[in-house]
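See structure below.
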Amino acid sequence: MPAVEFEPVGAPIMDAEVRSLSRLERLTDIIYGLSFLLILLQIDRPDLAVLLNNEAINHYLREQLPSLGIYFTSFVLVGCYWQSHLSMASRFSRSDTTHRWLQLGGLMGVALLPFVNDLLELMPLQASIQVVYSLVLVQIGVFDLLTLLHGWRRPRLLVEPPPNQRRWHLLLELALEPAVCLLSLGVALCLSPVWWDWTFLMLLPGYGLLWWLDR
């Protein structure tokens, strides 16, 4: 009589966790892509009936400069978050329920960005709108940070647990953008809304320092 082979009890669960991670990454790609697209579509299209000469074209371009500045800022910030998310997501080989909820918390902020970006274009110097915008960015970064910490608490979810020295670098990398966004809150509320968007330039020396430490 041939021997009967049994599959390990945990195998279907592990396969389900791997499939869940793959579906979560596809959902993440879709939401980030739609967010980029919706932010781009908020730039006003020119009325060809009005752009009859060079003066009208130059006037239209001058009017679009604030919108283009906000778009550029949003694109760079979301792009930085996207890069951080790719770095963090590449460390996971499977997903459990807590991991999925943490990722959905961050994706909720990404999905809100086109809405708050539209409000910011309508009222670029309104401190309350700037605060909401910064809080949405903080939400994205905090949930990515919590996702990484959850992975360290559940090593079976990771491809390979990082060494302790590397963990500090990863923490600083994921915490940099939320920290700068929190600083922008203080600038908008305590200093002046005019200086709010300039606060995000602090990301440049921050990433430069991380790059230098990583060498």
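The values are calculated or read from the model by the stated rules, or taken from the named source; none is laboratory data. No experiment lies behind these values; they were computed from the predicted model shown. A quick note on method: Cβ atoms are made from the backbone with ideal geometry, for glycine too, and the neighbour counts reach across all protein chains shown. These accessible areas exclude ligands, DNA and RNA; they are computed on the full protein's heavy atoms, side chains included. Shrake-Rupley method; radii C 1.70, N 1.55, O 1.52, S 1.80 Å.
If the condition is being β-branched (Val, Ile, Thr) and closer than 23 Å to GLY208 by Cβ, then segment 143-184 contributes only VAL180. PHE72 passes every criterion in (1) of a type outside the set (A, V, I, L, M); (2) open to solvent by less than 70 Å² (accessible area, probe 1.4 Å); (3) closer than 22 Å to TYR207 by Cβ apart from (2). Here ARG94 meets each of (1) open to solvent by 40 Å² or more (accessible area, probe 1.4 Å); (2) closer than 27 Å to LEU189 by Cβ with one exception, condition (2).
Listed here are the residues, each with its yes/no results for (1) surrounded by 15 or more Cβ atoms within 10 Å (Cβ to Cβ); (2) modelled with pLDDT under 80; (3) of a type in the set (Asp, Glu).
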| position | (1), (2), (3) |
| --- | --- |
| LEU77 | yes, yes, no |
| TRP101 | no, no, no |
| LEU107 | yes, no, no |
| VAL110 | yes, no, no |
| LEU125 | no, no, no |
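Restricted to segment 15-36, and to residues that are of a type in the set (A, V, I, L, M) and modelled with pLDDT under 85, which residue is most open to solvent (accessible area, probe 1.4 Å)? Spell out how you get there, then give the answer.
Looking only at segment 15-36, we keep the residues that are of a type in the set (A, V, I, L, M), and these are 16, 18, 21, 24, 27, 30-31, 34.
Among the residues that remain, those that are also modelled with pLDDT under 85 are: 16, 18.
Numbers: ALA16: 37, VAL18: 64 Å².
This residue is VAL18.
For first residues located in segment 192-215 and open to solvent by less than 60 Å² (accessible area, probe 1.4 Å), partners that are of a type outside the set (A, V, I, L, M) and lie 6+ apart or on another chain with Cβ distances below 6 Å form the pairs PRO193/GLN130; TRP196/GLN130; TRP196/SER184; THR199/SER184; LEU210/GLU173.
Just checking, does segment 150-170 include any residue being surrounded by fewer than 21 Cβ atoms within 10 Å (Cβ to Cβ), touching a His at 6+ places or on another chain (Cβ under 7 Å) and not acidic (Asp, Glu)? Before the answer, list the steps.
Filtering segment 150-170 down to residues surrounded by fewer than 21 Cβ atoms within 10 Å (Cβ to Cβ) leaves 150, 152-156, 158-170.
Those still in the list that are touching a His at 6+ places or on another chain (Cβ under 7 Å) too: 150.
Still in the list and also not acidic (Asp, Glu): 150.
For segment 150-170, residues surrounded by fewer than 21 Cβ atoms within 10 Å (Cβ to Cβ), touching a His at 6+ places or on another chain (Cβ under 7 Å) and not acidic (Asp, Glu): present.
Can you pull out the helices (runs of 4 or more DSSP H) entirely within segment 98-215 that have at least 3 residues that are more than 30 Å from ARG23 (Cβ to Cβ) and under 15 Å from the mean Cα position of the chain (by Cα)?
Numbers: elements: 127-153, 164-186, 203-214.
Qualifying helices (runs of 4 or more DSSP H): 164-186.
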